[in-house]
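The values are calculated or read from the model by the stated rules, or taken from the named source; none is laboratory data. Since this is a predicted model, take the numbers as computed values, not measurements. Here the Cβ is made from the backbone with ideal geometry for all residues, glycine too, and neighbour counts use every protein chain on show.
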Ligand code: ATP
Ligand code: MG
Ligand code: FE
(Lines give C-alpha, C1' and ligand atoms only; values in the text may rest on other atoms or scores of the structure.)
(Ligands and ions follow the chains in the order given, each with its own letter.)
Protein backbone atom coordinates (compact mmCIF):
# COMPACT_ATOMS: atom_id res chain seq x y z
CA UNK A 1 0.00 0.00 0.00
CA UNK A 2 1.39 3.41 -0.99
CA UNK A 3 0.31 6.35 1.18
CA UNK A 4 0.80 9.99 0.23
CA UNK A 5 1.35 12.24 3.26
CA UNK A 6 0.55 15.95 3.28
CA UNK A 7 1.77 18.22 6.09
CA UNK A 8 0.83 21.91 6.32
CA UNK A 9 0.05 22.62 9.99
CA UNK A 10 2.43 25.53 10.45
CA UNK A 11 5.29 26.90 8.36
CA UNK A 12 6.52 23.79 6.53
CA UNK A 13 4.89 22.26 3.47
CA UNK A 14 5.80 18.57 3.41
CA UNK A 15 4.82 15.84 0.95
CA UNK A 16 5.96 12.23 1.13
CA UNK A 17 5.23 8.76 -0.20
CA UNK A 18 5.41 5.78 2.16
CA UNK A 19 5.08 2.20 0.96
CA UNK A 20 4.13 -0.34 3.64
CA UNK A 21 6.32 -2.90 1.87
CA UNK A 22 9.31 -0.84 0.75
CA UNK A 23 9.33 1.94 3.38
CA UNK A 24 9.75 5.64 2.65
CA UNK A 25 9.90 6.15 -1.12
CA UNK A 26 10.47 9.90 -1.23
CA UNK A 27 9.77 13.14 0.56
CA UNK A 28 9.94 16.82 -0.28
CA UNK A 29 9.81 19.82 2.03
CA UNK A 30 9.62 23.57 1.79
CA UNK A 31 10.30 25.59 4.91
CA UNK A 32 8.89 29.10 5.12
CA UNK A 33 11.36 30.12 7.83
CA UNK A 34 13.06 32.76 5.66
CA UNK A 35 9.70 34.32 4.80
CA UNK A 36 8.56 34.66 8.43
CA UNK A 37 11.96 35.64 9.81
CA UNK A 38 11.56 39.37 9.26
CA UNK A 39 8.36 39.31 11.37
CA UNK A 40 10.04 37.40 14.21
CA UNK A 41 7.43 34.63 14.08
CA UNK A 42 4.94 32.83 11.85
CA UNK A 43 2.36 35.06 10.12
CA UNK A 44 -0.65 32.74 9.63
CA UNK A 45 -2.04 34.37 6.47
CA UNK A 46 1.35 34.32 4.74
CA UNK A 47 1.79 30.70 5.79
CA UNK A 48 -1.52 29.61 4.20
CA UNK A 49 -0.79 31.40 0.94
CA UNK A 50 2.64 29.88 0.69
CA UNK A 51 1.31 26.35 1.32
CA UNK A 52 -0.99 26.91 -1.69
CA UNK A 53 1.98 27.89 -3.87
CA UNK A 54 4.16 24.98 -2.78
CA UNK A 55 1.88 21.96 -2.46
CA UNK A 56 1.50 20.83 -6.07
CA UNK A 57 5.13 21.37 -7.18
CA UNK A 58 6.23 19.40 -4.10
CA UNK A 59 3.76 16.64 -4.99
CA UNK A 60 5.25 16.38 -8.50
CA UNK A 61 8.72 16.26 -6.97
CA UNK A 62 7.88 13.41 -4.58
CA UNK A 63 6.23 11.39 -7.37
CA UNK A 64 9.24 11.93 -9.66
CA UNK A 65 11.69 10.94 -6.93
CA UNK A 66 9.71 7.81 -6.13
CA UNK A 67 9.30 6.99 -9.82
CA UNK A 68 5.59 6.35 -9.49
CA UNK A 69 2.42 7.85 -11.00
CA UNK A 70 -0.42 9.54 -9.13
CA UNK A 71 -2.59 6.54 -9.91
CA UNK A 72 -0.20 4.29 -7.90
CA UNK A 73 -1.19 6.06 -4.67
CA UNK A 74 -3.54 3.92 -2.57
CA UNK A 75 -4.55 6.44 0.10
CA UNK A 76 -3.86 10.02 1.13
CA UNK A 77 -3.08 11.03 4.72
CA UNK A 78 -3.08 14.70 5.67
CA UNK A 79 -2.48 16.63 8.87
CA UNK A 80 -5.93 17.37 10.25
CA UNK A 81 -4.69 19.18 13.37
CA UNK A 82 -3.58 20.66 15.65
CA UNK A 83 -2.11 23.74 13.98
CA UNK A 84 -3.03 26.98 12.23
CA UNK A 85 -6.58 26.69 10.85
CA UNK A 86 -5.85 28.35 7.50
CA UNK A 87 -2.66 26.39 6.98
CA UNK A 88 -4.40 23.10 7.86
CA UNK A 89 -7.22 23.91 5.42
CA UNK A 90 -4.76 24.14 2.55
CA UNK A 91 -3.32 20.68 3.21
CA UNK A 92 -6.71 19.10 3.77
CA UNK A 93 -8.21 20.65 0.62
CA UNK A 94 -5.22 19.56 -1.46
CA UNK A 95 -5.47 16.03 -0.05
CA UNK A 96 -9.24 15.73 -0.41
CA UNK A 97 -9.40 17.19 -3.93
CA UNK A 98 -6.62 14.94 -5.11
CA UNK A 99 -8.30 11.93 -3.51
CA UNK A 100 -11.61 12.81 -5.15
CA UNK A 101 -9.95 13.18 -8.54
CA UNK A 102 -8.07 9.88 -8.16
CA UNK A 103 -10.96 8.08 -6.47
CA UNK A 104 -8.82 7.15 -3.45
CA UNK A 105 -9.66 7.29 0.26
CA UNK A 106 -8.36 9.96 2.67
CA UNK A 107 -7.36 9.89 6.31
CA UNK A 108 -6.88 12.83 8.70
CA UNK A 109 -3.74 12.42 10.82
CA UNK A 110 -2.93 13.98 14.20
CA UNK A 111 0.22 16.09 13.80
CA UNK A 112 1.61 15.09 17.20
CA UNK A 113 1.08 11.42 16.45
CA UNK A 114 3.20 12.06 13.36
CA UNK A 115 5.97 13.51 15.52
CA UNK A 116 5.60 10.76 18.09
CA UNK A 117 5.92 7.93 15.59
CA UNK A 118 8.69 9.56 13.51
CA UNK A 119 11.49 7.70 15.39
CA UNK A 120 9.94 4.47 14.06
CA UNK A 121 10.92 5.57 10.55
CA UNK A 122 14.57 4.93 11.47
CA UNK A 123 16.12 1.52 10.78
CA UNK A 124 16.70 0.82 14.48
CA UNK A 125 13.11 1.17 15.69
CA UNK A 126 11.87 0.87 19.25
CA UNK A 127 9.28 -1.75 20.16
CA UNK A 128 6.15 -0.78 22.12
CA UNK A 129 5.70 0.08 24.96
CA UNK A 130 7.98 3.06 25.52
CA UNK A 131 8.16 6.44 27.20
CA UNK A 132 8.08 9.33 24.75
CA UNK A 133 9.24 12.89 25.22
CA UNK A 134 7.63 15.15 22.65
CA UNK A 135 9.53 18.42 22.52
CA UNK A 136 8.39 20.68 19.70
CA UNK A 137 7.70 24.34 19.03
CA UNK A 138 4.21 24.17 20.51
CA UNK A 139 4.29 21.17 22.88
CA UNK A 140 6.28 19.55 25.66
CA UNK A 141 4.73 16.29 26.78
CA UNK A 142 5.84 13.09 28.43
CA UNK A 143 3.80 10.10 27.38
CA UNK A 144 3.54 6.41 27.84
CA UNK A 145 3.04 4.80 24.43
CA UNK A 146 1.57 1.28 24.28
CA UNK A 147 0.81 1.21 20.57
CA UNK A 148 -0.45 3.33 17.69
CA UNK A 149 -3.03 5.66 19.22
CA UNK A 150 -2.53 4.23 22.72
CA UNK A 151 -1.07 7.24 24.47
CA UNK A 152 -1.21 8.10 28.15
CA UNK A 153 -0.20 11.63 29.01
CA UNK A 154 2.09 11.59 32.05
CA UNK A 155 2.88 15.29 32.18
CA UNK A 156 3.28 18.41 30.09
CA UNK A 157 4.42 21.99 30.23
CA UNK A 158 2.35 24.35 32.32
CA UNK A 159 3.41 27.36 30.23
CA UNK A 160 5.96 27.64 27.38
CA UNK A 161 6.92 24.67 25.24
CA UNK A 162 10.60 23.69 25.13
CA UNK A 163 11.00 24.91 21.53
CA UNK A 164 9.28 28.15 22.46
CA UNK A 165 11.72 28.61 25.37
CA UNK A 166 14.64 28.04 22.98
CA UNK A 167 13.23 30.51 20.46
CA UNK A 168 12.32 33.22 22.98
CA UNK A 169 15.67 33.01 24.76
CA UNK A 170 17.47 33.13 21.42
CA UNK A 171 15.48 36.22 20.49
CA UNK A 172 16.57 37.92 23.73
CA UNK A 173 20.16 37.27 22.66
CA UNK A 174 19.48 38.73 19.22
CA UNK A 175 19.83 35.40 17.44
CA UNK A 176 16.90 35.70 15.03
CA UNK A 177 13.93 33.36 14.51
CA UNK A 178 13.52 30.49 15.09
CA UNK A 179 16.64 30.64 17.22
CA UNK A 180 16.68 27.14 18.73
CA UNK A 181 19.51 25.82 16.53
CA UNK A 182 21.46 29.12 16.82
CA UNK A 183 21.40 29.31 20.63
CA UNK A 184 22.42 25.66 20.74
CA UNK A 185 25.44 26.27 18.46
CA UNK A 186 26.46 29.36 20.43
CA UNK A 187 26.20 27.46 23.73
CA UNK A 188 29.01 25.16 22.56
CA UNK A 189 31.43 28.07 23.06
CA UNK A 190 30.03 29.13 26.43
CA UNK A 191 31.55 28.66 29.86
CA UNK A 192 29.26 26.36 31.88
CA UNK A 193 30.37 27.99 35.14
CA UNK A 194 29.55 31.57 34.08
CA UNK A 195 25.77 31.48 34.71
CA UNK A 196 23.71 28.95 36.60
CA UNK A 197 20.12 29.55 35.57
CA UNK A 198 17.06 28.12 37.36
CA UNK A 199 15.88 24.60 36.61
CA UNK A 200 12.11 24.98 37.04
CA UNK A 201 10.26 22.01 38.57
CA UNK A 202 13.38 19.85 38.52
CA UNK A 203 12.44 18.32 41.86
CA UNK A 204 8.66 18.37 41.55
CA UNK A 205 7.26 14.89 42.02
CA UNK A 206 5.15 15.04 38.86
CA UNK A 207 6.07 14.89 35.17
CA UNK A 208 5.14 18.47 34.36
CA UNK A 209 7.42 21.21 33.10
CA UNK A 210 7.55 25.00 33.29
CA UNK A 211 9.89 27.07 31.16
CA UNK A 212 8.63 30.64 31.31
CA UNK A 213 10.70 31.35 34.45
CA UNK A 214 13.84 30.19 32.69
CA UNK A 215 13.15 32.57 29.83
CA UNK A 216 12.62 35.39 32.38
CA UNK A 217 15.97 34.48 33.98
CA UNK A 218 17.65 34.90 30.58
CA UNK A 219 15.91 38.26 30.22
CA UNK A 220 17.15 39.37 33.65
CA UNK A 221 20.75 38.42 32.87
CA UNK A 222 20.61 40.20 29.50
CA UNK A 223 19.13 43.34 31.09
CA UNK A 224 21.72 43.46 33.92
CA UNK A 225 24.35 43.27 31.25
CA UNK A 226 22.96 46.10 29.23
CA UNK A 227 22.99 48.35 32.26
CA UNK A 228 26.55 47.49 33.24
CA UNK A 229 28.23 47.22 29.87
CA UNK A 230 26.02 49.75 28.06
CA UNK A 231 27.38 48.62 24.70
CA UNK A 232 26.17 45.35 23.23
CA UNK A 233 26.93 42.18 25.09
CA UNK A 234 30.16 40.71 23.76
CA UNK A 235 30.01 37.42 21.91
CA UNK A 236 31.65 35.45 24.74
CA UNK A 237 29.05 36.70 27.23
CA UNK A 238 26.28 35.77 24.85
CA UNK A 239 27.76 32.31 24.51
CA UNK A 240 27.97 32.01 28.30
CA UNK A 241 24.31 32.96 28.71
CA UNK A 242 23.36 30.57 25.91
CA UNK A 243 25.28 27.83 27.71
CA UNK A 244 23.55 28.61 31.02
CA UNK A 245 20.17 28.38 29.30
CA UNK A 246 20.85 25.17 27.37
CA UNK A 247 22.37 23.40 30.39
CA UNK A 248 19.32 24.29 32.50
CA UNK A 249 16.67 23.16 30.03
CA UNK A 250 18.57 19.99 29.12
CA UNK A 251 18.96 19.10 32.81
CA UNK A 252 15.22 19.38 33.40
CA UNK A 253 14.24 17.44 30.27
CA UNK A 254 16.71 14.66 31.08
CA UNK A 255 15.69 14.37 34.73
CA UNK A 256 11.98 14.12 33.89
CA UNK A 257 12.62 11.42 31.30
CA UNK A 258 14.68 9.43 33.80
CA UNK A 259 11.91 9.78 36.40
CA UNK A 260 9.23 8.66 33.95
CA UNK A 261 11.28 5.61 32.98
CA UNK A 262 11.91 4.71 36.59
CA UNK A 263 8.26 5.20 37.53
CA UNK A 264 6.96 3.07 34.64
CA UNK A 265 9.65 0.42 34.83
CA UNK A 266 10.17 0.77 31.05
CA UNK A 267 13.63 0.72 29.49
CA UNK A 268 12.95 2.45 26.18
CA UNK A 269 12.80 6.21 25.67
CA UNK A 270 11.74 7.86 22.43
CA UNK A 271 12.39 11.52 21.63
CA UNK A 272 10.31 13.40 19.07
CA UNK A 273 9.83 16.96 17.80
CA UNK A 274 12.14 19.78 16.73
CA UNK A 275 14.07 20.08 20.02
CA UNK A 276 14.89 16.38 19.60
CA UNK A 277 17.47 17.59 17.06
CA UNK A 278 19.34 19.39 19.85
CA UNK A 279 22.89 18.08 20.23
CA UNK A 280 23.23 18.87 23.95
CA UNK A 281 19.92 17.13 24.75
CA UNK A 282 20.99 14.05 22.81
CA UNK A 283 24.38 13.95 24.56
CA UNK A 284 22.77 14.30 27.98
CA UNK A 285 20.16 11.58 27.32
CA UNK A 286 22.79 9.25 25.86
CA UNK A 287 24.92 9.70 29.00
CA UNK A 288 21.91 9.01 31.25
CA UNK A 289 21.02 5.94 29.18
CA UNK A 290 24.55 4.59 29.56
CA UNK A 291 24.53 5.12 33.28
CA UNK A 292 21.00 3.86 33.96
CA UNK A 293 20.86 1.11 31.38
CA UNK A 294 18.00 2.21 29.19
CA UNK A 295 17.90 2.88 25.44
CA UNK A 296 17.08 6.14 23.68
CA UNK A 297 15.68 6.35 20.17
CA UNK A 298 15.67 9.53 18.08
CA UNK A 299 14.16 10.43 14.73
CA UNK A 300 16.58 11.07 11.87
CA UNK A 301 17.60 14.73 12.15
CA UNK A 302 15.59 15.73 9.08
CA UNK A 303 12.41 14.23 10.61
CA UNK A 304 12.62 16.03 13.97
CA UNK A 305 10.94 19.20 12.72
CA UNK A 306 7.76 19.18 10.62
CA UNK A 307 7.77 17.01 7.52
CA UNK A 308 5.46 15.00 5.28
CA UNK A 309 7.19 11.67 5.89
CA UNK A 310 5.92 11.37 9.46
CA UNK A 311 2.35 12.05 8.29
CA UNK A 312 2.52 9.47 5.47
CA UNK A 313 4.03 7.01 7.95
CA UNK A 314 1.50 7.60 10.75
CA UNK A 315 -1.31 7.32 8.19
CA UNK A 316 0.12 4.07 6.82
CA UNK A 317 0.48 2.52 10.30
CA UNK A 318 -3.14 3.36 11.08
CA UNK A 319 -4.41 2.02 7.76
CA UNK A 320 -2.44 -1.20 8.18
CA UNK A 321 -4.27 -1.76 11.46
CA UNK A 322 -7.65 -0.68 10.17
CA UNK A 323 -8.23 0.07 6.49
CA UNK A 324 -11.74 1.33 7.31
CA UNK A 325 -10.24 4.46 8.88
CA UNK A 326 -9.85 5.91 5.39
CA UNK A 327 -12.95 7.49 3.94
CA UNK A 328 -14.34 8.68 0.62
CA UNK A 329 -16.13 11.50 2.38
CA UNK A 330 -14.15 14.39 0.97
CA UNK A 331 -15.67 17.16 3.09
CA UNK A 332 -12.53 18.57 4.58
CA UNK A 333 -12.56 19.23 8.28
CA UNK A 334 -9.62 20.48 10.29
CA UNK A 335 -9.08 20.46 14.04
CA UNK A 336 -6.81 23.41 14.99
CA UNK A 337 -7.13 22.35 18.63
CA UNK A 338 -7.02 18.63 19.16
CA UNK A 339 -5.58 17.07 22.34
CA UNK A 340 -3.59 13.93 21.57
CA UNK A 341 -5.37 11.90 24.24
CA UNK A 342 -8.68 12.43 22.38
CA UNK A 343 -7.27 10.39 19.52
CA UNK A 344 -8.70 6.90 19.17
CA UNK A 345 -6.47 3.83 19.23
CA UNK A 346 -5.82 2.32 15.80
P1 LIG B 1 4.12 21.59 17.14
O2 LIG B 1 4.55 20.34 16.48
O3 LIG B 1 4.07 21.49 18.62
O4 LIG B 1 2.88 22.14 16.56
P5 LIG B 1 6.19 22.86 15.59
O6 LIG B 1 5.71 21.95 14.53
O7 LIG B 1 6.34 24.29 15.27
O8 LIG B 1 5.27 22.70 16.88
P9 LIG B 1 8.65 21.44 15.40
O10 LIG B 1 8.70 21.67 13.94
O11 LIG B 1 8.60 20.05 15.89
O12 LIG B 1 7.58 22.32 16.13
O13 LIG B 1 9.96 22.06 16.05
C14 LIG B 1 10.31 23.41 15.87
C15 LIG B 1 11.01 23.85 17.14
O16 LIG B 1 12.20 23.09 17.33
C17 LIG B 1 11.44 25.31 17.11
O18 LIG B 1 11.08 25.88 18.34
C19 LIG B 1 12.95 25.23 16.93
O20 LIG B 1 13.65 26.31 17.48
C21 LIG B 1 13.27 23.96 17.68
N22 LIG B 1 14.54 23.37 17.25
C23 LIG B 1 14.86 22.87 16.05
N24 LIG B 1 16.14 22.44 16.03
C25 LIG B 1 16.64 22.68 17.28
C26 LIG B 1 17.91 22.47 17.90
N27 LIG B 1 18.91 21.92 17.25
N28 LIG B 1 18.03 22.85 19.20
C29 LIG B 1 17.00 23.39 19.86
N30 LIG B 1 15.80 23.62 19.33
C31 LIG B 1 15.62 23.27 18.06
MG1 MG C 1 8.13 24.86 11.72
FE1 FE D 1 5.31 20.03 14.59
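What the table shows:
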| quantity | calculated |
| --- | --- |
| Residue list for the range 91-137, filter: without any contact (Cβ under 8 Å) to a residue 60 or more places away in the chain and assigned to a helix (DSSP H, G or I) | 101, 102 |
| Conditions (1) within 16 Å of ligand 1 (Cβ to nearest atom); (2) not in a helix (DSSP H, G or I); number of the one not met by residue 86 | (2) |
| Within the range 299-337, tally of residues that are closer than 26 Å to residue 266 by Cβ, surrounded by fewer than 23 Cβ atoms within 10 Å (Cβ to Cβ) and touching a helix residue (DSSP H, G or I) at 6+ places or on another chain (Cβ under 8 Å) | 3 |
| Single unsatisfied condition, residue 48 versus (1) away from ligand 1 (no atom under 15 Å from the Cβ); (2) farther than 30 Å from residue 169 by Cα; (3) touching a helix residue (DSSP H, G or I) at 6+ places or on another chain (Cβ under 8 Å) | (2) |
| Residue in the range 145-152 that is free of Cβ contacts under 8 Å to residues at least 24 places away in the same chain, touching a strand residue (DSSP E or B) at 6+ places or on another chain (Cβ under 8 Å) and within 22 Å of residue 296 (Cβ to Cβ) present | yes |
| Test: residue 296 is more than 16 Å from ligand 3 (Cβ to nearest atom) and touching a helix residue (DSSP H, G or I) at 6+ places or on another chain (Cβ under 7 Å) | yes |
| The one condition in (1) within 16 Å of ligand 2 (Cβ to nearest atom); (2) outside any helix (DSSP H, G or I); (3) under 20 Å from residue 99 (Cβ atoms) that residue 41 fails to fulfil | (3) |
| Selected residue (only one of 295, 262, 282 is under 29 Å from residue 12 (Cα atoms) and surrounded by fewer than 19 Cβ atoms within 10 Å (Cβ to Cβ)) | 282 |
| Test for residue 32: is it surrounded by fewer than 16 Cβ atoms within 10 Å (Cβ to Cβ) and either more than 16 Å from ligand 1 (Cβ to nearest atom) or modelled with pLDDT of 95 or more (or both) | no |
